[in-house]
Amino acid sequence: MSEPAQTALTVTGLSVAYGNVIAVHDATFSVAEGDACAITGPNGNGKSSILMGVTGMVHRRGTVEIFGAPARNGDVRWAARHGLTLVPERRQLYPNLTTTDNILLGCYGWTRNIRRARSSASFGRAIDLFPELKPHLKQAAGTLSGGQQQMVAIARGLAANPKILAVDEPCLGLAEAVAKRVYDALAQIHDEGTTLIVVEEAPRRALTLCNRRVEVRNGMAGPS
Amino acid sequence: MMKLGNLIIAGIITGSIYATFAVCVAVWYRVSNILNLAVGDFAMVGALGVDNLYRVKGLPLPVAIITTLAVVAVFAYLYDLVVLRIAQDRRQMEGIVVTFFFTFALSFFIDGVAKMLFGTDVHAAPGLWNGNSLTLGSLHFERAGILVLACAVIIGGAFWVYIRYTLGGKALEASGENVVGARIVGIDTRRYRLWIFIGTAVIAAIFGIVESPITGFTYLSGATISLTGFIAAAYGGFRKPGRALLAGLFIGVLEALLGGYVSAEYGDTVLYAILATLILAWPRGLGFESAVSG
């Protein structure tokens with residue numbers, strides 16, 4: 001008999017507000033270890049704000065537990081150290097740094113030693129994930145195409161050696177063929193044992209990868 | 001030829017000071033989006049502080065130097081803790097003009113305190129390497145100038161190695177490139193801002209100590225250094241320390257040549273006229289447009 005999966009992420013009563021505007025209200029859901037969970041819903045309904053609140057990029061109300069440990073509010077580094085890494089919407093790369101340096105900085109959450117980072121399994125795995133990036137490793141990230149930049153953002157997230165990878169709108173503005181390539185890479189990451197959370201406007205695409213879905217409507221979230 | 005060679009040497013030495021201050025302005029701007037107009041005032045505090053502790057208070061020179069640098073570091077730490085944290089982090093003030101005034105005010109504050117403590121006369125820290133100038137053929141090298149150049153090369157080289165070969169240096173670059181992206185990978189951008197502010201203040205103070213035997217300092221000398229460093233940094237779009245460094249050297253050599261061949265009295269006036277003309281004629285190429293538009 002297999003043991004029941006551990007809960008990777010528990011979100012209870014999560015609310016996120018920007019000034020007087022409430023983006024997320026009282027969201028409650030959980031993600032088991034090994035799950036691929038889609039957070040879906042129309043644009044502007046608070047999907048990305050859920051990830052921002054969960055990862056600590058913005059302050060929140062409510063509680064978030066990562067593998068049972070209560071997450072500190074607004075502390076991205078704590079979340080990263082405990083295994084939750086965000087691949088943000090619009091990639092948020094460092095445009096004048098090379099592709100390699102962008103990916104390498106993903107290791108910053110667990111080491112300050114550049115040699116240790118370069119020789120680590122997680123950096124090697126991140127570099128190998130997208131062979132099509134290899135000719136561009138010394139190129140400034142800002143000069144890459146949109147699809148290549150998305151690949152760099154995912155590779156940077158993977159270099160952090162996450163147990164949970166939260167990916168926000170990975171296919172925003174990408175051509176269909178590139179979007180499929182990105183989803184193939186996410187499927188590979190999931191197959192290798194990383195828990196995935198994918199924010200996606202298009203539920204059909206998300207459900208090709210995900211076995212669970214959280215639907216967000218008007219800032220209210222719950223299992224679909 | 002001899003005159004030209006000596007002028008170029010003098011220009012490179014002066015230029016290395018401008019270059020260092022320009023790099024200090026550019027590096028801190030990258031991590032904080034604030035232009036540090038007080039960087040030259042820290043140099044003045046270094047020079048006059050060491051002079052005061054050594055000549056007036058009678059402390060041994062190494063103790064005077066260490067005490068002055070420690071005071072500068074602690075002051076920079078407190079300023080970041082009290083003023084910059086409130087200005088940038090709590091109230092989320094943005095924009096080049098708003099944040100500009102926080103260091104402008106700091107510059108006035110330091111000048112006022114320095115006037116009370118050190119008076120209005122010209123002073124200088126004692127020379128660290130005394131003796132006649134060194135000669136190579138017909139070229140003359142002032143010992144203090146060689147020290148200035150050596151400091152610039154060592155500090156510039158250390159910074160280059162840090163940026164190029166350490167993860168901390170790349171994190172520093174990332175903080176300047178994209179604050180949100182830096183936070184995502186766990187970089188504490190506030191801590192970088194603090195350490196760079198303290199680091200550049202101490203570097204400025206060291207340069208003040210080393211350079212003051214050449215020119216002498218008053219409580220107002222910091223403003224001139226800040227201005228030239230600011231202009232050199234502007235030529236690098238404020239965000240490119242490498243270009244700021246070259247611009248600083250260029251301004252130093254141009255200033256020396258103008259002083260030697262055009263007019264010792266009006267050299268600075270002609271210099272700033274040339275710099276202004278270059279900015280007006282070629283703003284995009286010099287990165288000045290991006291500096292102003294952000």
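When each of B:Asp41, B:Asp121 is scored by the number of other beta-carbon atoms lying within 10 Å, the sequence from fewest to most is B:Asp121, B:Asp41. Of all lysines in the structure, those lying under 24 Å Cα to Cα from B:Lys240, and not within fewer than 8 positions of it along the same chain, are A:Lys138, B:Lys170.
Amide H to amide H, with H built 1.01 Å from N, A:Ala36 comes under 5 Å of A:Leu196, A:Asn211, A:Arg212, counting only residues 5 or more places away or on other chains. Seen through its C-alpha gyration tensor, with square-root eigenvalues sorted a ≥ b ≥ c, region B:2-293 comes out oblate because a/c lies at 1.5 or above while a/b is not bigger than b/c. Just going by the charge dipole of the protein assembly as shown, with Lys and Arg at +1 and Asp and Glu at -1 on Cβ, which of B:Ala124, B:Leu147, A:Met52 is farthest out on the positive end? The residue sitting most towards the positive pole is A:Met52.
Seen from A:Ala79, the other residues with C-beta closer than 12 Å to its C-beta sum to a net charge of +4, counting Lys and Arg as +1 and Asp and Glu as -1. Comparing A:Ala117, A:Ala36, A:Ala153 in a Gaussian network model of chain A where C-alpha atoms under 10 Å apart are linked, the largest mean-square fluctuation is found at A:Ala117. Counting every other Cβ atom within 10 Å of each residue's Cβ, B:Ser175, A:Ser30 order from fewest to most as A:Ser30, B:Ser175. For B:Lys57, the lysines whose Cα falls under 29 Å of its own Cα, not counting residues fewer than eight places away in the same chain, are B:Lys115. With a Förster radius of 60 Å applied to the beta-carbon distance between A:Asn211 and B:Ser133, the computed FRET efficiency rounds to 0.15. Would you work out which of A:Gly68, A:His82, A:Gly34 lies farthest towards the positive end of the dipole of chain A, given +1 charges on the beta-carbon of Lys and Arg and -1 on that of Asp and Glu, about the Cα centre? Positive-most Cα among the choices belongs to A:His82. Relative contact order of region B:2-293: what whole-number percent is it, with Cα pairs under 8 angstrom and at least 6 residues apart? Averaging sequence separation for qualifying contacts and normalising by length gives 39 percent for region B:2-293. Model label points for B:Leu227 and B:Val74, set 7 angstrom from Cα along the Cα-to-Cβ axis, are 3.3 nm apart.
Exposure proxy ranking for B:Thr14, B:Thr215, based on other Cβ atoms within 10 angstrom of each Cβ and starting from the fewest, stands as B:Thr215, B:Thr14. Protection proxy ranking, highest mean first, for peptides A:55-61, B:138-144: A:55-61, B:138-144, where packing is the per-residue count of other beta-carbon atoms within 10 Å, averaged. Net charge dipole, region A:58-148: roughly 280 debye, given to the nearest 20, about the Cα centre with Cβ charges of +1 for Lys and Arg and -1 for Asp and Glu. Taking the Cα centre of region B:145-294 as origin and assigning +1 to Lys and Arg Cβ atoms and -1 to Asp and Glu Cβ atoms, the resulting dipole is close to 680 debye. Peptide A:79-91 has a mean of 2 when you count, residue by residue, the C-beta atoms of other protein chains within 10 Å of its C-beta.
No lab work stands behind these numbers, since they all come straight from the coordinates. This structure is a prediction, so every number in the text was calculated from the model and none was measured. Every residue, glycine among them, receives a Cβ derived from its backbone with ideal geometry; neighbour counts consider all protein chains shown.
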